[in-house]
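These notes are about the structure you will find just below.
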Number of protein chains: 2
Amino acid sequence: MARVTIHDIAKKVNTTASTVSKALNDHPSISTATKELIKEAAQNLNYRQNRLASSLRSGRTNIIGIVIPSSEIGFFATVVHGIEKVARNHGYNVLLFQSNILGEYEVEGIETLLHSSVDGIIASIAKDTTTLDHYLEVKKRKVPLVLFDRTKDEIGVPSVVIDDYKGAYMATEHLIEQGYTRIAHISGAQHVKIFNDRLRGYVDALRAHNLTVDDDLIQYGKNSIESGRACMQALLEGAKKPDAVFAVEDFTALGAQQIIKKSGYRIPEEIGLIGFGNESFSPFITPGLSTIDQQAAQMGEEAFKMFLHQVKNPTIATELIPKLVLDPVLIIRESSVRKS
Amino acid sequence: MARVTIHDIAKKVNTTASTVSKALNDHPSISTATKELIKEAAQNLNYRQNRLASSLRSGRTNIIGIVIPSSEIGFFATVVHGIEKVARNHGYNVLLFQSNILGEYEVEGIETLLHSSVDGIIASIAKDTTTLDHYLEVKKRKVPLVLFDRTKDEIGVPSVVIDDYKGAYMATEHLIEQGYTRIAHISGAQHVKIFNDRLRGYVDALRAHNLTVDDDLIQYGKNSIESGRACMQALLEGAKKPDAVFAVEDFTALGAQQIIKKSGYRIPEEIGLIGFGNESFSPFITPGLSTIDQQAAQMGEEAFKMFLHQVKNPTIATELIPKLVLDPVLIIRESSVRKS
């Protein structure tokens, strides 16, 4: 079957190819009624725009690039789906680059996307990124850039995050309300802002409820199942065995859970457990893992909207750069609800 | 810090920028000794090649595109990591496009990658793809194409798959060896070859062990937790309650597991369960899910090697198009080992 062209559409609605092209590209010189007529005809004829030709005319590619640490982390996979959903409604295609948490790959990812002439980049910064030059380069080239979750304010671009401090505060307070008193925290690398925010939320919740903050009950792990296992082992072998654990993210919580169970302690009766991130496996492990939901899909949608806003408003005064902070949501499952 | 250029390297090793450029691009006119000297200097100076400039010279972008249904399916995420690992060793960057199982998005994904001038495409076909024109277009443009897992032989390009028939046969035989006799199968859409292969493997294993193939024990689901739940409910309400279930993939198995437990049956004592795919959650649910491992990382590595082979051998006779079939691996966990 020959591909349908704008000439076929023009013939169908008795107008010129040029008018059809303008209508399909929402040119202001074409009336709304004519646009609708032409778009309907295009749909009936099963017309697909030749994006390459279209982009040569407009200078746009209608491709948006995303850089994430890894889509094996459910949170990032869900953010990406959130972006894709809105992006597709706006006629954009999404290309994804995984940094695998390595800063050097992140630099290559940004280069690769710029090379692909994306219309914009939405990124979450890799854990071991040491320089921000590649992000500043994106800004310099005036390619719209939006950061989410793992951001750096000094880059000076719109961003969307959740309130990690508040989420950690909520998680810790929930454990306190369940009657736990020796609440441990397995944290992550402290140069990553969100992990430090969560640590501070944990500390402040304890203090607000007149519980002692005990360094022996704080472990610094590496955000993985293995690290969660090692940190939990250390906590159980420590002088003060905890009666509850708030883990910095769900993979760490999963490792901790394995060691708690293996050591013969009952969850939640003897040791309560809560994670952070609401990973896809978290409802399905036994007992189901209480956690903090990060509104990942909404984060993706908001990030894309910020990109669109930048396309329409390329120059925003520094003091007006938007930073959206989403509220975390406490998800209570079996692992933290003490039967009393 | 100013970026290191080929001029800096030339100065360091006392040669010309042109020689450095040729050496870094493996030009045959430069001796191996000189190449090594220059590459070592480049490394010491922390030189990173300007890929854009390099690609303008070579006509290559060193970008490879991947199209997968969804990285939320752990199998695909692992294949992608397998591809990335080898690709990076060969100086390629990887861009990912998710079709979300929809054929129309897959078409857009292929267009987007071609538009980004990728040097090759590695893809797994979306479940509801109805036309193969977009893949034939890739072939026509002489862009190397490799298919994995969900492939179509009629496209006529190299592919790497696992032996789904054999994996299903192994899973079913394992249940038979554990003493189960009324073994049900929850299958998937039959126009997808791999799901039909798994159904045939199940049927042939039963027959080989003189067990009756009973249509009432076969359900056709939709590869999701919800669908696994619905199919399992139907099996339990049927005339012949199964004493074991082989699910077409692990998400389906997870749904089945939830209903079996909710209905008060013990796994594996009363009902045995095995999945397919070895998803990341499968070791962590209770009881741990027996399954078939698809060698995802190796599949990714082999797919990339097939791409490289095509780059070096652009014209292969149709009868010589390689098709690599990897062996599945039986993973035995608690869900299928009957305590006797």
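The values are calculated or read from the model by the stated rules, or taken from the named source; none is laboratory data. Keep in mind that what you see is a predicted model, and the values were worked out from it rather than measured. Don't worry about glycine lacking a Cβ; one is built from the backbone with ideal geometry, like all the others, and counts go over all protein chains shown.
Results, tabulated for the structure shown:
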{"item": "A:Glu104, sole failed condition from (1) in contact with a helix residue (DSSP H, G or I) (Cβ under 8 Å, 6 or more places away or on another chain); (2) more than 7 Å from chain B (Cβ to nearest Cβ)", "result": "(1)"}
{"item": "Looking only at segment A:83-108, and only at residues there that are over 17 Å from the mean Cα position of the chain (by Cα) and in a helix (DSSP H, G or I), the one that is surrounded by the fewest Cβ atoms within 10 Å (Cβ to Cβ)", "result": "A:Asn89"}
{"item": "Verdict on B:Tyr202 being touching a residue at least 24 places away in the same chain (Cβ under 8 Å), hydroxyl-bearing (Ser, Thr, Tyr) and closer than 25 Å to B:Leu326 by Cβ", "result": "yes"}
{"item": "Residue among B:Glu177, B:Glu173, B:Glu111 that alone is of a type outside the set (Val, Ile, Thr), more than 28 Å from B:Leu273 (Cα to Cα) and either more than 14 Å from the chain's Cα centre (by Cα) or within 14 Å of chain A (Cβ to nearest Cβ) (or both)", "result": "B:Glu111"}
{"item": "Test: residue in segment B:315-327 that is assigned to a loop (DSSP other than H, G, I, E, B), within 14 Å of chain A (Cβ to nearest Cβ) and either among the aromatic types (Phe, Trp, Tyr) or surrounded by fewer than 16 Cβ atoms within 10 Å (Cβ to Cβ) (or both)", "result": "no"}
{"item": "Test: residue in segment A:88-97 that is at pLDDT below 90 and within 9 Å of chain B (Cβ to nearest Cβ)", "result": "yes"}
{"item": "Enumeration of residues in segment A:169-199 that are crowded, with 17+ Cβ neighbours inside 10 Å, aliphatic (A, V, I, L, M) and modelled with pLDDT under 95", "result": "A:Val192, A:Ile194"}
{"item": "Subset of segment B:220-258 that is among the aliphatic types (A, V, I, L, M) and surrounded by fewer than 20 Cβ atoms within 10 Å (Cβ to Cβ) - its residue that is nearest to B:Gln178 (Cα to Cα)", "result": "B:Leu236"}
{"item": "Residues that are of a type in the set (Gly, Ala, Ser) and in a helix (DSSP H, G or I), drawn from segment A:220-242", "result": "A:Ser227, A:Gly228, A:Ala230, A:Ala234"}
{"item": "Residue, farthest from the other protein chains (Cβ to nearest Cβ), within segment B:63-80, restricted to residues that are in contact with a strand residue (DSSP E or B) (Cβ under 8 Å, 6 or more places away or on another chain) and part of a helix (DSSP H, G or I)", "result": "B:Val79"}
